[in-house]
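Student: Quick one: the structure is below, questions incoming.
The values are calculated or read from the model by the stated rules, or taken from the named source; none is laboratory data. Every value quoted in this text rests on a predicted model; they were computed, and no experiment measured them. Note that we place each Cβ from the backbone using ideal geometry, even for glycine, and neighbour counts take in every protein chain shown.
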Amino acid sequence: MTRWHDRSLSPDERAEALRAEMTLEEKVAQLGSAWPGNEQLNGNVAPMQDVFARGGVPFDQVRADGIGHLTRVFGTAPVSAADGAARVVALQQEIVDETRLGVPAIVHEECLTGFTTFGATVYPAALAWAATFDPGLVERMSAAIAADMRAVGVHQGLSPVLDVVRDYRWGRVEETLGEDPYLVGMLGSAYVRGLEKTGIVATLKHFAGYSASRAARNHAPVSIGPREFRDVMLLPFEMSIRDGGARSVMHAYVDLDGVPAGANIPLLTGILRDEWGFEGVVVSDYWGIAFLKSMHRVADSVGGAGALALAAGVDVELPDTLCYGKELIELVRSGEVPEDLVDRAVHRLLRQKAELGLLDPDWAPKAEAIDLDSPRNRAIAREIAEKSVVLLANDGVLPLAAGKIAVVGPCAADPLTFMGCYSYPNHVLPRFPELGIGVEATSLVDALRAELPDASISLRAGCPIRDEDRSGFAEAVAAAEEADVCIVVVGDRAGLFGEGTSGEGCDAEDLSLPGVQDELVAALLATSTPVIVVVVSGRPYALGRHAGAAAMIQAFMPGEEGGPALAGILSGRVTPSGRLPVQVPRVPGGSPGTYLHPPLGGNSAGISNLDPTPLFPFGHGLSYTTYEYSDFSLSAKEIPTDGTVSVSVTVRNAGERAGEETVQLYLHDVQAQVTRPVLALAGFTRVALAPGESRRVTFGLHADRTSFTGLDLRRIVEPGRFDVHVGPSSADLPCSGSFDIVGSVREVGPTRVLTTPATVA
């Protein structure tokens, strides 16, 4: 038995033993990938796929010296679980049998709304997970996704997205966990734990700053200060590495102040590894290394692009080998690229293969066929969908009673509007229309008919999602006028690169509803019939012009169980409990802001004629019951710079329905050496309460949670006065108090306390 097969050795020792046996060609081959079957696609599922795809190169040539990763065996073209598993086995067996060292590849897949393959459960989009404010539920979902992928031979998932939203016009808002870095970090860490504990390597993306692109345009340059970059953009990645245990990071496409992320040594080595101690594998976003030559133009050849990325700390090129190939080998042999850089990267990749069992002597390619849309999966998908729906406004029209109901709008009868851009039905199946959507999914109107069998329900589309066609307005208005209540269902249809109104490469000019949907809603509101506006979207849209609606509901692409979940909210079978992870703007124009702003970012009288106050604030969400907050207390009025203060409050369900309240803790630094947010989320927890029941919620707030990047770019805890607020949203905080941090300024680093635990008694 060779040394690298010896399971009694550590993964590091086994990786080093194998690396020592490799030729330069074999080492560089491990840093590449292959996308077998990519030629089957007749459209892009990744940016510029048509330019970079290597569909004509036979697999036996690609894997001649070995291969690091196999790309999307399941996610490229429709394949059953059984056939996909057999394909994995065949490809792995060929690699093992036909290469000198016989080292299997890591198989990776997308998994942002579930395992992105034909027939797999389509869970809600990430923005909907964020609306649950429920890390435990997110972890259960990701563990179920991981179990399915692991069963069919997959090793790595390209999720979660940890980009913090800064501008709602960005097309990929639906893939994010919202606009607060602490919320993103808490839920992102939970998702990572679910994957990693089930044996799947989680890949954090997109590192870093992608969501701060100019004018919210996909791949646009990022101009961001180092303080905002560290305190907002980097925090979720740090949390997901330290608290989640993520073993992989994917670099972003963008450039940061002129330096592409994929060639950024201070980012990929300085911060990620030297500061945070990350020991996992950095992978490129698809063709991100080749972009260094073709898009960023900081390299003059594919080999030169590979050299820049390798030096920065990118270990593996995805999804095909272009830059980590023959030209890079020539640069190493000529001495222009140190072979130590190759050794560094290949060691990390081989160590991960050892951790995954791919270097074991008795390893054999195996996978099993399973039900990828099992009852277990669907139950989790339903729970997330129900807990993610946000009741924005309600004048008493909800819950619905049986009667004459007009259902109007382009999203009312199309279950695909419930699914994100990285769901398989919207990501790949548009190229295969004969296969339908691959899973069972009920539209909202059909779900309502099942939910309210005694109601008389009519359906009118009114208009398309984005085409400027008003020919259906009159029929829709007539249906509304004849009904007791009208439900208008508006929003998005996700797609890729301009094929949808939300999703990767589907950025928005402003925050008006797509097409003529705003005009449709306005026409319905002009009738005497009460109108319930249901927005099913991947981003928040400006709804100020529709503030006269009897009720408003926001659903952020609630997945295959979205129809029954929304119907249950409307009927009252489900008590709404979702909260906004982003604000809902009042007006569509301008560059929308985040709630996480310093004083001058808000509505400052006399400063500007424009008021950025949202229609509905971060953390907002109504219920069919009412909650009361009382008995606020702080355990201390003064703590040292390394101390902890307990913040407690009693929450009571004062209504007649059982429900779940999301108790939110916010922090305000009264005076600091740099401008600080007016409010920042510092803790949260969901509390289930029966009618009349009270629970005592206590947050343990460590002084480290007040830390920020100071004038000299060191992260510090600074003495001073801090206000704390507790309540149901960032704009509804009935309980407040203050405490002082005393002592000297204390520098903190990556070992600082990152979270605020909550106990419920």
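Student: Specify the residue that is nearest to the chain's Cα centre (by Cα); the eligible residues are those in the stretch 221-274 that are acidic (Asp, Glu) and assigned to a helix (DSSP H, G or I).
Tutor: So, considering only residues that are acidic (Asp, Glu) and assigned to a helix (DSSP H, G or I), the one nearest to the chain's Cα centre (by Cα) is 238.
Student: List the number of the failed condition for residue 309; all other conditions in (1) touching a Lys or Arg at 6+ places or on another chain (Cβ under 7 Å); (2) assigned to a helix (DSSP H, G or I); (3) not aromatic (Phe, Trp, Tyr) hold.
Tutor: All conditions are met except number (1).
Student: Right, another one. Being farther than 19 Å from residue 682 by Cβ and buried (at least 24 other Cβ atoms within 10 Å of the Cβ) is true for just one of 189, 223, 211. Which residue is that?
Tutor: 211
Student: Which of (1) in contact (Cβ under 8 Å) with a residue 60 or more places away in the chain; (2) in contact with a Phe, Trp or Tyr (Cβ under 8 Å, 6 or more places away or on another chain); (3) closer than 19 Å to residue 617 by Cβ is the odd one out, the single condition residue 750 does not satisfy?
Tutor: (3)
Student: Please determine, by comparing only the residues of the stretch 164-180 that are of a type outside the set (Phe, Trp, Tyr) and more than 12 Å from the chain's Cα centre (by Cα), which one is farthest from residue 506 (Cα to Cα). Spell out how you get there, then give the answer.
Tutor: Initial filter on the stretch 164-180 (of a type outside the set (Phe, Trp, Tyr)): 164-167, 169, 171-180.
Those left that are additionally more than 12 Å from the chain's Cα centre (by Cα): 166-167, 169, 171, 180.
Numbers: 166: 16, 167: 13, 169: 9, 171: 5, 180: 22 Å.
Among them, the one singled out is 180.
Student: Show the residue pairs that are 6+ apart or on different chains and have beta-carbon atoms under 8 Å apart, the first residue being within the stretch 51-66 and closer than 20 Å to residue 349 by Cβ, the second being modelled with pLDDT under 75.
Tutor: What qualifies is 62/54.
Student: Of the numbered conditions (1) surrounded by fewer than 24 Cβ atoms within 10 Å (Cβ to Cβ); (2) over 17 Å from the mean Cα position of the chain (by Cα); (3) modelled with pLDDT under 95; (4) not aliphatic (A, V, I, L, M), residue 119 fails exactly one; give the number of that condition.
Tutor: Residue 119 satisfies every listed condition except (3).
Student: Go through the stretch 375-410 and give me each residue that's within 23 Å of the chain's Cα centre (by Cα) and not in a helix (DSSP H, G or I).
Tutor: If the condition is that a residue be within 23 Å of the chain's Cα centre (by Cα) and not in a helix (DSSP H, G or I), then 389, 390, 391, 392 are the ones that fit.
Student: Which members of the stretch 445-484 meet the condition of being assigned to a helix (DSSP H, G or I) and either within 20 Å of residue 495 (Cβ to Cβ) or of a type in the set (Asp, Glu) (or both)?
Tutor: Step one: list which residues in the stretch 445-484 are assigned to a helix (DSSP H, G or I), which gives 445-451, 473-481.
If the condition is that a residue be assigned to a helix (DSSP H, G or I) and either within 20 Å of residue 495 (Cβ to Cβ) or of a type in the set (Asp, Glu) (or both), then 446, 451, 475, 481 are the ones that fit.
Student: Can you tell which of 670, 647, 651, 678 is assigned by TED's automatic domain parsing to the domain that holds residue 632, under 27 Å from the mean Cα position of the chain (by Cα) and closer than 23 Å to residue 617 by Cβ?
Tutor: 678
Student: Is it fair to say residue 285 is outside any helix (DSSP H, G or I), touching a strand residue (DSSP E or B) at 6+ places or on another chain (Cβ under 9 Å) and within 23 Å of residue 244 (Cα to Cα)?
Tutor: yes
Student: Does the stretch 456-470 contain at least one residue that is farther than 27 Å from residue 520 by Cα and either small (Gly, Ala, Ser) or within 23 Å of the chain's Cα centre (by Cα) (or both)? Steps first, please.
Tutor: To start, the set of residues in the stretch 456-470 that are farther than 27 Å from residue 520 by Cα comprises none.
Checked the stretch 456-470: no residue is farther than 27 Å from residue 520 by Cα and either small (Gly, Ala, Ser) or within 23 Å of the chain's Cα centre (by Cα) (or both).
Student: Name the residue that is surrounded by the most Cβ atoms within 10 Å (Cβ to Cβ), counting only residues in the stretch 306-338 that are of a type in the set (A, V, I, L, M, F, W, C), more than 15 Å from residue 282 (Cβ to Cβ) and modelled with pLDDT of 95 or more.
Tutor: This residue is 328.
Student: Can you confirm whether residue 723 is in contact (Cβ under 8 Å) with a residue 12 or more places away in the chain and acidic (Asp, Glu)? Before the answer, list the steps.
Tutor: Numbers: in contact (Cβ under 8 Å) with a residue 12 or more places away in the chain: yes; acidic (Asp, Glu): yes.
When the stated conditions are applied, residue 723 passes them.
Student: Quick one: how many residues across the stretch 700-720 are touching a helix residue (DSSP H, G or I) at 6+ places or on another chain (Cβ under 8 Å) and buried (at least 17 other Cβ atoms within 10 Å of the Cβ)?
Tutor: The total comes to 5.
Student: Go through (1) part of a strand (DSSP E or B); (2) within 23 Å of residue 179 (Cβ to Cβ) one by one and return the number of the condition residue 721 breaks.
Tutor: Among (1) part of a strand (DSSP E or B); (2) within 23 Å of residue 179 (Cβ to Cβ), residue 721 violates only (2).
Student: Right, something else. Mind checking which residues of the stretch 726-741 are closer than 15 Å to residue 620 by Cα, outside any loop (DSSP other than H, G, I, E, B) and either at pLDDT below 95 or not β-branched (Val, Ile, Thr) (or both)? Write out each step before concluding.
Tutor: Our first condition is that a residue be closer than 15 Å to residue 620 by Cα; within the stretch 726-741, this holds for 726-734.
Pick out the ones that are also outside any loop (DSSP other than H, G, I, E, B) and you get 726-727, 729, 732.
Correct list: 727, 729, 732.
Student: Looking only at the stretch 528-538, decide whether some residue is of a type in the set (S, T, N, Q), surrounded by fewer than 23 Cβ atoms within 10 Å (Cβ to Cβ), touching a Cys at 6+ places or on another chain (Cβ under 9 Å) and modelled with pLDDT of 95 or more.
Tutor: Yes.
Student: Among the residues that make up the stretch 640-653, is at least one of them crowded, with 21+ Cβ neighbours inside 10 Å, in contact (Cβ under 8 Å) with a residue 24 or more places away in the chain, assigned to a strand (DSSP E or B) and not aliphatic (A, V, I, L, M)?
Tutor: There is at least one residue in the stretch 640-653 that is crowded, with 21+ Cβ neighbours inside 10 Å, in contact (Cβ under 8 Å) with a residue 24 or more places away in the chain, assigned to a strand (DSSP E or B) and not aliphatic (A, V, I, L, M).
Student: Considering (1) crowded, with 22+ Cβ neighbours inside 10 Å; (2) more than 30 Å from residue 226 (Cβ to Cβ), say which one residue 688 fails and leave the rest.
Tutor: Here residue 688 meets the rest and fails (1).
Student: Let me ask another. Going through the stretch 358-373 one residue at a time, which ones are small (Gly, Ala, Ser) and closer than 15 Å to residue 95 by Cβ? Outline the logic, then answer.
Tutor: As a first pass, look at the stretch 358-373 and keep what is small (Gly, Ala, Ser): 364, 367, 369.
Once the filter is applied, which keeps residues that are small (Gly, Ala, Ser) and closer than 15 Å to residue 95 by Cβ, the stretch 358-373 yields 364, 367.
Student: Between 216, 220, 202, 246, which is farther than 22 Å from residue 556 by Cα and at pLDDT below 95?
Tutor: Being farther than 22 Å from residue 556 by Cα and at pLDDT below 95 holds for just one of 216, 220, 202, 246, which is 220.
Student: Sticking with this structure for a sec: Kindly establish whether residue 450 is in the same structural domain as residue 528 (by TED's automatic domain parsing), buried (at least 21 other Cβ atoms within 10 Å of the Cβ) and aliphatic (A, V, I, L, M).
Tutor: Numbers: in the same structural domain as residue 528 (by TED's automatic domain parsing): yes; buried (at least 21 other Cβ atoms within 10 Å of the Cβ): no; aliphatic (A, V, I, L, M): yes.
For residue 450, the condition - in the same structural domain as residue 528 (by TED's automatic domain parsing), buried (at least 21 other Cβ atoms within 10 Å of the Cβ) and aliphatic (A, V, I, L, M) - is not met.
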